[in-house]
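S.K.: Below are the structure tokens for one structure; questions will follow.
Bear in mind these aren't lab numbers, they're just calculated from the coordinates by the rules spelled out. Since we're looking at a predicted model, the values are computed, not measured. Virtual Cβ from ideal backbone geometry, glycine too; neighbours counted across all protein chains shown.
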Amino acid sequence: MVELEHTRELMKSMGLTTAAELLDARLEDASHRELTYLDFLGELLDTEHQERRRRSEETRIKLSRLPNRKTLEEFDFSFQPSIDPRKIKELSTLAFAARNENVVFLGPPGVGKTHLAVGLAMQALRNGMTVYFVTLPQFIADLRKASIQGRLERRWRVYLRPDILIVDEVGYMQLDRESAELLFRLICSRYETGSIILTSNKRFSEWGELMSDTVIATATLDRLLHHAHVINIRGETYRLKDRLKIGVQMVPPADIPALEKPAKE
Ligand code: ADP
Ligand code: MG
């Protein structure tokens, strides 16, 4: 079948790789099901299109460096009543990202800040957006290294380009002057040009201390919060949910408070 081979080669050269691979099977299927030409073509192109979307999503997920692939569907809102599910639902429409607004999750360790940030990111990736995930200590270490190696400006692009940048774990580490300036520059540079999802265990009133400078902290928060959705999570750590349950049954109550301060992951 010279025509078949020729057609397949044409499809491949045009980048329709999935359709080219499926051509034989789909032709046979079309004749069995007595499909019209239009239905046959429509189905074949649909499959190609879906496969491309899937591959593109997979590539963007990998490039995003997310620590896991948790979704918003997996989040148990009944465990964390301080979060209004409607607010998360509204964020999951991604209108915030289209408007270059920020999202800030605040709360103690284990309450689901990273999970919600990743969940929103997965939603964005599903919808064709680009995401990059970094913890604040990683970001600082990365840019310092780039600075020493003389490729600081190029490295900045990694953090400025994605539609959504997740800056996780702000607050566990106190920042020296140089680090505070890097964070300030990051938030200024993305201000009104790209979204940030930031998570922190610190209240905003503690940022002066965190950044070792109240003037820089005020200027940073000013940009970060100008167009921002702040979600304050109060409540129990989910990490110890089951241990606490077991604890109630197995150890005297006096031992339970010791479990409430988990070692950081
Ligand atoms: P944080 O970033 O606030 O320290 P994480 O998002 O890392 O907390 O949550 C800790 C662990 O508990 C993760 O495995 C996360 O998926 C899970 N988790 C936290 N809250 C919930 C929840 N309400 N429903 C389902 N899983 C949760
Ligand atoms: Mg976290």
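S.K.: Residues with beta-carbon under 10 Å from that of residue 126, excluding residue 126: net charge, scoring Lys, Arg +1 and Asp, Glu -1?
M.R.: Here the count lands on +1.
S.K.: Using only alpha carbon positions, build the gyration tensor of the chain, then give the equivalent ellipsoid semi-axes as the square roots of 5 times its eigenvalues, largest first, whole angstrom.
M.R.: 44, 26, 16
S.K.: For region 72-245, what does the relative contact order come out to in percent, with C-alpha contacts under 8 Å and a separation of six or more?
M.R.: Averaging sequence separation for qualifying contacts and normalising by length gives 36 percent for region 72-245.
S.K.: Rounding to the nearest 20 debye, state how big the charge dipole of region 2-63 is about its Cα centre with +1 on each Lys and Arg Cβ and -1 on each Asp and Glu Cβ.
M.R.: Using only the charged Cβ atoms, the result is roughly 500 debye.
S.K.: Charges at C-beta only: +1 for Lys and Arg, -1 for Asp and Glu. How large is the resulting dipole of the chain about its Cα centre, in Debye rounded to 20?
M.R.: It works out to roughly 1060 debye.
S.K.: Please compute one quarter of the surface area of the Cα convex hull for region 38-105 and express it in square nanometres.
M.R.: Mean orientational projected area (region 38-105, Cα hull): 7.3 nm².
S.K.: Which pairs, out of 12/70; 89/113; 62/145, put more than 25 Å between their alpha-carbon atoms?
M.R.: Long pairs (Cα-Cα over 25 Å): 12/70.
S.K.: Another one. From the residues 103, 207, 152, which one has its Cα farthest along the dipole of the chain in the positive direction, the dipole being from +1 and -1 charges on Cβ of Lys/Arg and Asp/Glu about the Cα centre?
M.R.: Of 103, 207, 152, it is 207.
S.K.: Right, another one. Projected onto the charge dipole of the chain (+1 at Lys/Arg Cβ, -1 at Asp/Glu Cβ, origin at the Cα centre), which of 114, 13, 47 gives the Cα projection farthest towards the positive end?
M.R.: Farthest along the dipole direction, towards plus: 114.
S.K.: Then there is this: Calculate the dipole size of region 88-167 relative to its Cα centre from +1 charges on Lys and Arg beta carbons and -1 charges on Asp and Glu beta carbons; express the result in debye to the nearest 20.
M.R.: I would put it at about 300 debye.
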